[in-house]
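The values are calculated or read from the model by the stated rules, or taken from the named source; none is laboratory data. This structure is a prediction, so every number in the text was calculated from the model and none was measured. Don't worry about glycine lacking a Cβ; one is built from the backbone with ideal geometry, like all the others, and counts go over all protein chains shown. These area figures cover heavy atoms from the full protein model, side chains too; ligands, DNA and RNA do not enter into them. Shrake-Rupley method; radii C 1.70, N 1.55, O 1.52, S 1.80 Å.
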Amino acid sequence: MSRFNTRSARPRAADPITTTGRTTTHEGGAAHTRDARGELLMLAVVNMVGNDTFYESAGARDDRFTALVRTVAVEHPAWMVEFVRWLRGGANMRSAALVAAAETVKARLDTGAPAVPGYSRLVVDAALQRADEPGELIGYWTSHYGRAIPKPIKRGVADAVRRLYSERSLLKYDTASKGYRFADVLNLVHAAPAADKPWQGELFGYALDRRHHPDEAVPSAALRMVTANVALRAAAASDPRVLLDADALAAAGMTWEDALSLAGARVDRAELWSALVPSMGYMALLRNLRNLDEAEVPDHIAAQVAERLADPEQVARSRQFPYRFLSAHRAAPSLRWGHALETALNASCANVPALTGRTLVLVDTSASMRSPVSVRSQVRHVDVGALFGAVLARRGNAVDLVGFADGHFEHRLTRGGSVLRDIEAFTARIGEVGHGTETVAALRAAYRGHERVVIISDMQAFAHRGYGGSDGGTGISVSDAIPATVPMFGVDTTGYAATSIEAGTPNRHEIGGFSDRMFTVLDLMARGRDAGWPWEHARD
């Protein structure tokens with residue numbers, strides 16, 4: 001019997017992702033199906049709703065997501081509440097969480113599932129973490145199921161409104177570009193002000209007034225930030241230089257978008273951005289590095305921005321995906337942000353484990369992995385894979401980083417070098433190895449007694465024939481390409497229904513997503529611990 005198709009009998013840690021049957025990949029390779037919860041998790045953590053992927057249209061992908069949500073919502077409602085709360089908070093997937101919440105309510109109403117103990121209301125509240133999201137969820141519901149809003153939606157949204165509606169959020173998110181503004185939401189769900197927020201009644205009243213009677217709306221004195229905002233806007237109409245006062249901008253909760261619009265071409269852009277920087281949020285700074293460069297803000301202001309970007313506490317609070325720092329690095333014209341972005345990227349990967357022994361990291365560089373992670377991003381799936389490998393090596397692990405498609409190449413990481421530069425150097429080589437996905441061939445060629453193997457891929461391997469695996473040579477499973485005693489971790493960047501990794505069998509594991517939490521799961525599994533569902537260790 002070949003050493004490559006023998007399964008170890010030793011005890012293993014329980015995996016949240018478990019395969020249930022055999023199928024083929026989109027390229028005809030041997031593959032496996034997952035149970036409903038596992039497939040939903042793997043799809044949700046990478047699903048940019050409404051986006052096409054290489055093998056799956058946006059419509060088909062969204063339909064599959066909806067069907068999975070409806071199945072799990074009825075069979076495992078308590079699990080669904082925890083899943084959606086983690087999906088929005090821990091995984092930072094906004095649109096997927098909103099859709100999951102709405103479809104959970106729809107499924108439970110359609111099947112007559114009991115309202116007690118209020119799973120539908122809880123899942124709606126769990127999905128809403130930003131003040132524009134109550135309106136977005138109502139917009140999703142009415143566009144798909146009509147204008148009648150069921151009670152669980154109303155109650156869950158009302159719970160969220162009491163948590164999220166504030167003066168600052170009103171100024172930032174209650175804009176004419178929104179389909180459902182704050183007042184529209186309040187009219188539909190009839191949310192009462194929170195007992196511990198005496199000013200919220202005044203805020204709700206002002207939101208209604210400025211929606212229905214904008215020319216007559218006047219904020220009460222209790223709404224200090226809103227009052228300051230109204231006054232600053234009025235003053236800027238005659239003298240835009242009042243917008244160059246950083247303290248006034250902060251007191252008025254003025255967004256950078258509004259300040260630029262009010263100023264027009266009447267004030268110097270470098271001065272305006274310099275005044276805005278102190279009150280800008282972390283994500284706003286990260287997204288505007290190009291604008292700061294093009295405005296030619298002075299170096300002392302750039303130094304303030306760089307200090308904030310590199311601050312580990314601010315990085316942690318921002319909950320940015322690690323690849324966002326690569327995206328910012330590529331977008332910024334100047335080099336003055338490089339060190340800060342490198343530091344921030346490393347801080348965003350604080351959960352990277354220190355693994356004993358040698359690790360083989362295989363990054364799929366095939367044609368399907370060269371597509372962007374979303375229509376609004378220039379970062380590709382292959383970039384995420386290169387980032388994972390480079391960061392793992394920077395943690396002090398002995399990593400052999402290999403790219404593969406039809407062929408494969410070994411990439412030497414620069415000792416003491418930059419993760420950002422390593423990513424660029426790695427991805428510059430992807431044209432060397434073609435466009436296919438010969439995962440089995442790459443594994444057999446690159447594996448040299450490593451203690452573990454990590455594969456970053458969309459898991460759509462080509463069929464590999466002629467090698468005596470467990471299926472008799474008619475199409476070898478990726479799981480059978482290395483000894484069964486060697487742990488194999490598949491990091492799925494796309495979440496297709498079929499996967500090359502036979503997760504749930506000894507030493508075969510699957511992880512998904514773009515956040516640094518995938519490092520936590522890898523660490524737990526590598527140490528033989530029960531990884532469980534992500535939210536079960538999210539507080540570790």
Note to self: If amide hydrogens are placed 1.01 Å from N in the peptide plane, which non-local residues have theirs closer than 5 Å to the one on D35?
What the structure shows: T18, T20
Check: Ranked from the most accessible area to the least, with a 1.4 Å probe and all protein chains present, what is the order of S334, S366?
Finding: S334, S366
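Please give the charge dipole size of the chain, origin at the Cα centre, charges +1 on K and R Cβ atoms and -1 on D and E Cβ atoms. Round to the nearest 20 debye.
Values: 62 positive and 61 negative charges, 190 e Å.
Magnitude of the dipole: close to 920 debye.
Taking Rh as the Kirkwood radius computed over C-alpha pairs, what is the Stokes-Einstein D of the range 152-205 at 37 °C in a medium of viscosity 0.692 mPa s, expressed in µm² per second?
On the way: Rh = 11.3 Å.
Reported coefficient: 289 µm²/s.
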Note to self: Under the rule a/c < 1.5 gives rounded, and otherwise a/b versus b/c splits prolate from oblate, where does the range 305-383 land using the Cα gyration tensor?
What the structure shows: oblate
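In what sequence, largest accessible area first, do H213, H190 appear using a 1.4 Å probe? Before the final figure, lay out the partial values.
Working: H213 100, H190 140 Å².
Reading off the accessible areas and sorting them downward yields H190, H213.
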Notebook entry, point to check: Rounded to the nearest 5, what is the percent of antiparallel bridges among the DSSP beta bridges in the range 335-432?
Noted result: 40 percent
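Grab the DSSP H runs of the chain that are 4 residues or longer, score each as -39,500 (n - 2.57), total them, divide by all residues and round the 222 nm result to the nearest 500 deg cm²/dmol. Don't skip to the answer; put the middle values down first.
Values: 24 runs with 250 residues, N = 540.
Computed ellipticity for the chain at 222 nm equals -14000 deg cm²/dmol.
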Note to self: Averaging over every viewing direction, what projected area does the convex hull of the Cα atoms of the range 111-202 cover, in nm²?
What the structure shows: 6.4 nm²
Margin query: Could you work out what % of the accessible surface of the chain is carbon and sulfur, using a 1.4 angstrom probe and leaving DNA, RNA and ligands out of the count?
Written below: 50 percent
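Could you check what % of the DSSP bridge pairs in the chain are antiparallel, to the nearest 5? Walk me through the numbers before you get to the answer.
Values: 12 of 34 bridges.
Of the beta bridges lying entirely in the chain, close to 35 percent run antiparallel.
May I ask you to derive the FRET efficiency for A246 and A192 from their Cβ-Cβ distance with R0 = 41 Å, giving the value to the nearest 0.05? Before the final figure, lay out the partial values.
Numbers: r = 37 Å, r/R0 = 0.90.
Efficiency for this residue pair is about 0.65.
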Item checked: Loop trypsin sites (Lys or Arg not before Pro), the range 286-394, which have at most 11 other Cβ atoms in a 10 Å radius of their Cβ (DSSP) -> R376
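How much net charge surrounds A73 when only the other residues with a Cβ under 9 Å from the Cβ of A73 are counted, with Lys and Arg +1 and Asp and Glu -1?
On the way: positive: R70, K106, R108; negative: E75, E103.
Summing Lys and Arg as +1 and Asp and Glu as -1 gives +1.
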Next item on the list: Could you tell me the accessible area of D196 in Å² (1.4 Å probe, neighbours in place), rounded to the nearest ten?
Entry: 120 Å²
Next item on the list: Report, ordered by chain and residue number, the aspartates and glutamates lying within cross-link reach of K178, taken as a straight Cα distance under 13 Å and ignoring same-chain residues fewer than 8 apart.
Entry: D132, E133, E136
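Is the C-alpha gyration tensor of the range 94-154 telling us rounded, prolate or oblate? Criteria: a/c under 1.5 is rounded; beyond that, a/b larger than b/c is prolate, otherwise oblate.
Values: a/c = 1.86, a/b = 1.32, b/c = 1.42.
Oblate is the answer for the range 94-154, as a/c is 1.5 or above yet b/c matches or exceeds a/b.
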Note to self: Which of the three applies to the chain, rounded, prolate or oblate, going by the alpha-carbon gyration tensor with a ≥ b ≥ c and a/c under 1.5 meaning rounded?
What the structure shows: oblate
Check: By accessible area of protein heavy atoms, probe 1.4 Å, what ranking do W337, W199 get, highest first?
Finding: W199, W337
Notebook entry, point to check: Remind me, relative contact order of the chain in percent, using alpha carbon pairs under 8 angstrom and six or more residues apart?
Noted result: 20 percent
